[in-house]
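All remarks here apply to the structure that follows.
The values are calculated or read from the model by the stated rules, or taken from the named source; none is laboratory data. Quick caveat, the model's predicted, so the values are computed rather than measured. Positions of Cβ are backbone-derived with ideal geometry, glycine not excepted, and every protein chain shown enters the neighbour counts. All accessible areas refer to the heavy atoms of the entire protein, side chains included, with ligands and DNA or RNA removed. Shrake-Rupley method; radii C 1.70, N 1.55, O 1.52, S 1.80 Å.
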Amino acid sequence: MEIISETIHHKYRDHNGNVLLTFFYQSPILKDNTSAVQSINYFLEMQKAEALLQEKSLLADSVEFNKYYRTIPFESQTIIEITYNQNNLISFLKTNFVYAGGAHPNTTRSSYTFSLTTGEQVNLINITKKKPFEIKQAIINIFLEKIKKNPEQFFPEAINTIENTPLSDFHYYINDNGIIIYFNPYEIAPYVAGFVEAKLDLNTY
């Protein structure tokens, strides 16, 4: 299956030439005529449409913001990459970076794993070999070890958040190293901690 990349790059300026918004979007496109791949491509098209709506909203916000403050360029960058493409599974990781005049940018991840046979999105329960409670406990144990090593880097309720997250709701993607479970900034730790990750061995779990 051939995979190509689509890139959209826009830069908007005010009447004085000051940059209002820099927008960047990059995503793969799968070149195959199967219904499964067409379904996945449709999903990617919806991701692009969402990014373009964000672009329009941020531009309006930037114009309004810069009426009252010194010109601060806003920025939106969305990159979707393929992290795994084997065994009839394809895994995408989307990283969205937005700066809209605040103290720091807002960076988030979302991820999607699909069956190349059916075109349907699959969750952790569908791709793991062990029983759900074993997977859940393994995830809790890995994060618990991280929290015990550096408790000051996490929110006090971090352990409860992890324990109360249903297995099917964990953010995850697959790469060559295994199954990566992650939390976005502010979910269990402050922004400065970045993305907090745990890895499950793909062959074991």
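Overview of values
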item	result
Which listed residue, of Gln86, Gln77, is within 25 Å of Ile174 (Cβ to Cβ), polar (S, T, N, Q) and open to solvent by 70 Å² or more (accessible area, probe 1.4 Å)	Gln86
Pair list, Cβ < 9 Å and 6+ apart or interchain, from the stretch 41-60 residues that are within 23 Å of Ser115 (Cβ to Cβ) and basic (Lys, Arg) to residues that are open to solvent by less than 60 Å² (accessible area, probe 1.4 Å) and part of a helix (DSSP H, G or I)	none
Residues of the stretch 167-200 satisfying the condition of being of a type in the set (D, E, K, R) and either under 16 Å from Ser91 (Cβ atoms) or not in a loop (DSSP other than H, G, I, E, B) (or both)	Asp169, Asp176, Glu197, Lys199
Residue count for the stretch 121-136, restricted to those that are surrounded by 14 or more Cβ atoms within 10 Å (Cβ to Cβ) and farther than 23 Å from Asp176 by Cβ	1
Number of the condition not met by Glu64 [criteria: (1) of a type in the set (Asp, Glu); (2) touching a Lys or Arg at 6+ places or on another chain (Cβ under 9 Å); (3) free of Cβ contacts under 8 Å to residues at least 12 places away in the same chain]	(2)
Of all residues making up the stretch 1-49, the number that are out of contact with any Lys or Arg (no Cβ under 7 Å at 6 or more places or on another chain), charged (D, E, K, R) and in a strand (DSSP E or B)	4
Residue check for Asn203: of a type outside the set (Phe, Trp, Tyr), closer than 30 Å to Asn87 by Cβ, over 19 Å from the mean Cα position of the chain (by Cα) and not in a helix (DSSP H, G or I)	yes
